[in-house]
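One structure below.
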Amino acid sequence: MFKLLRPSDADLFVARLILRLERFFLSEKGIFHIAIAGGKTPLKAYTLLAGKLKSRPFLSDERYVPLDDEKSNYKNVLETGINPYPFATYKDPYTCAMEYSQLLPQSLDFALLGIGDDGHTASLFPGMDCEMITHKVCLSFSPDGLRRLSLSYDYLNNTCIIAFFVKGKEEVVKRLQEGEDLPANRVRGKKSTYLIIA
């Protein structure tokens, strides 16, 4: 199960949480492996992290669009001052997935994930298969038919700590708490899982 948190300033809380975890993992093992969500929800938190985060993050997922496209998670995160590892979407999807998989560490220390109104997380959608390219990265389609690249269930579930970050979305939060079989309910950190609600 996850620990539910409702901080008064969720963006600041998320930024401070990431920096605190980075300090811990850097002191413990000299490196911090982090993946971050795309979408609009965490962008303000990322602006608070800009210039402070020492570790280069991975993306939890990406739309198969050019890197300068308005729909690109990489583009939107980059504009906050954070420079994540991009998916090479200028290559074919399978090569792109394979190459990103090779960049990824054996496991993540922390992943910040979002949750959609339908309960999806990363690009793992309800009722849709994610084609496994490697055990770390899979290919899916969003309901609008757009090709997506995503970290896989298996890989995410090998992460030490996971935090879901949502703004509003009380209906899907209720469904998650009731244990409905949604993609976000299939992802848990090995040590702990948080649900942070703004």
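Residue by residue through segment 144-172, note down the ones that are aliphatic (A, V, I, L, M), within 17 Å of the chain's Cα centre (by Cα), open to solvent by less than 10 Å² (accessible area, probe 1.4 Å) and under 20 Å from L5 (Cβ atoms). Give the derivation first.
Here is the first cut: in segment 144-172, the residues aliphatic (A, V, I, L, M) are 146, 149, 151, 156, 161-163, 166, 172.
Of the ones still in play, those that are also within 17 Å of the chain's Cα centre (by Cα) are 149, 151, 156, 161-163, 166.
Right, trim to open to solvent by less than 10 Å² (accessible area, probe 1.4 Å) and you get 149, 151, 156, 162-163, 166.
Listed by number, the residues that qualify are L156, I162, A163, V166.
Only residues that are part of a loop (DSSP other than H, G, I, E, B) and either at positive phi or open to solvent by 40 Å² or more (accessible area, probe 1.4 Å) (or both): list them for segment 52-77, please.
Correct list: K52, K54, R56, Y64, P66, L67, D68, D69, E70, K71.
Residues of segment 173-191 being closer than 11 Å to A111 by Cα and either open to solvent by 30 Å² or more (accessible area, probe 1.4 Å) or in a strand (DSSP E or B) (or both), which ones? So that I can check it myself, show each step before the final result.
Within segment 173-191, the first condition is being closer than 11 Å to A111 by Cα, and the residues that meet it are 187-189.
R188, the sole residue that qualifies.
From the residues in segment 21-46 that are charged (D, E, K, R) and within 18 Å of the chain's Cα centre (by Cα), which one is most open to solvent (accessible area, probe 1.4 Å)?
Taking segment 21-46 as the starting set, the residues that turn out to be charged (D, E, K, R) are 22-23, 28-29, 40, 44.
With within 18 Å of the chain's Cα centre (by Cα) added as a condition, the list becomes 22, 40, 44.
Numbers: E22: 4, K40: 177, K44: 118 Å².
This residue is K40.
Name every residue in segment 78-109 that is closer than 14 Å to K136 by Cβ, buried (at least 16 other Cβ atoms within 10 Å of the Cβ) and of a type in the set (S, T, N, Q), in order of residue number.
Across segment 78-109, the qualifying residue is only S101.
Test P126 against the stated conditions and say whether it is free of Cβ contacts under 8 Å to residues at least 40 places away in the same chain and either open to solvent by 20 Å² or more (accessible area, probe 1.4 Å) or in a loop (DSSP other than H, G, I, E, B) (or both). Explain how you work it out, then say what you get.
Numbers: free of Cβ contacts under 8 Å to residues at least 40 places away in the same chain: no; either open to solvent by 20 Å² or more (accessible area, probe 1.4 Å) or in a loop (DSSP other than H, G, I, E, B) (or both): yes.
Against the criterion (free of Cβ contacts under 8 Å to residues at least 40 places away in the same chain and either open to solvent by 20 Å² or more (accessible area, probe 1.4 Å) or in a loop (DSSP other than H, G, I, E, B) (or both)), P126 does not qualify.
Considering only residues that are farther than 17 Å from M132 by Cα and either within 18 Å of the chain's Cα centre (by Cα) or not hydroxyl-bearing (S, T, Y) (or both), which ones fall in segment 90-104?
Taking segment 90-104 first, the residues farther than 17 Å from M132 by Cα are 90-91.
K91 - this is the single residue of segment 90-104 that is farther than 17 Å from M132 by Cα and either within 18 Å of the chain's Cα centre (by Cα) or not hydroxyl-bearing (S, T, Y) (or both).
Name the single residue, out of those in segment 78-98 being part of a helix (DSSP H, G or I) and free of Cβ contacts under 8 Å to residues at least 12 places away in the same chain, that is nearest to I36 (Cα to Cα). Steps first, please.
We begin by selecting, within segment 78-98, every residue part of a helix (DSSP H, G or I); these are 78, 93-98.
Still in the running and free of Cβ contacts under 8 Å to residues at least 12 places away in the same chain: 78, 95.
Values: L78: 12, T95: 22 Å.
Checking each candidate, the answer is L78.
Checking the conditions here, which among D154, D181 is farther than 23 Å from S72 by Cβ, in contact with a His (Cβ under 6 Å, 6 or more places away or on another chain) and not β-branched (V, I, T)? Give the derivation first.
On the way: D181 fails: in contact with a His (Cβ under 6 Å, 6 or more places away or on another chain).
Every option except D154 fails the conditions.
Kindly indicate which of D109, D144, D92, D118 is among the acidic types (D, E) and touching a strand residue (DSSP E or B) at 6+ places or on another chain (Cβ under 8 Å).
Values: D144 fails: touching a strand residue (DSSP E or B) at 6+ places or on another chain (Cβ under 8 Å); D92 fails: touching a strand residue (DSSP E or B) at 6+ places or on another chain (Cβ under 8 Å); D118 fails: touching a strand residue (DSSP E or B) at 6+ places or on another chain (Cβ under 8 Å).
Of D109, D144, D92, D118, the one residue that is among the acidic types (D, E) and touching a strand residue (DSSP E or B) at 6+ places or on another chain (Cβ under 8 Å) is D109.
The values are calculated or read from the model by the stated rules, or taken from the named source; none is laboratory data. Model, not experiment: these values are computed from the prediction. Using ideal geometry, Cβ is built from the backbone for each residue, glycine included, and neighbour counts are taken over all protein chains shown. To get the accessible areas, we keep the full protein, side chains included, count just its heavy atoms, and leave off ligands, DNA and RNA. Shrake-Rupley method; radii C 1.70, N 1.55, O 1.52, S 1.80 Å.
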